[in-house]
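The next block holds one structure in the form of structure tokens; read it before the comments.
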Amino acid sequence: MLHSVPNREALGVFRAVSTRDGEAQARDGQAFYTLNPQDSQVNQAVVEIQFDDGVWMLATADDLEMTGP
């Protein structure tokens, strides 16, 4: 499996608040480095985030603890 590894500062930390599957539980507390909005048919915005190991995962805005100014 090919993964692109981010080489920049973290955008925030993933918190398994509304995304509650096994992978989300395992990733809880990990930093994410890339965020891509996705089209969604649900009431919550869905985004795709990338972790430091290059793996992408879908999450909601409730799951994201943003860092920065």
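Details
- Check on residue 63, among the acidic types (Asp, Glu) and buried (at least 17 other Cβ atoms within 10 Å of the Cβ): yes
- Per the conditions (1) at pLDDT below 90; (2) under 15 Å from residue 8 (Cβ atoms), the sole criterion not satisfied by residue 54 is (1).
- Residue 31 being at pLDDT 95 or above and over 14 Å from residue 67 (Cα atoms): no
The values are calculated or read from the model by the stated rules, or taken from the named source; none is laboratory data. This is a predicted model, so every value here is computed, not measured. Please note: Cβ atoms are built from the backbone with ideal geometry, for glycine as well, and neighbour counts cover all protein chains shown.
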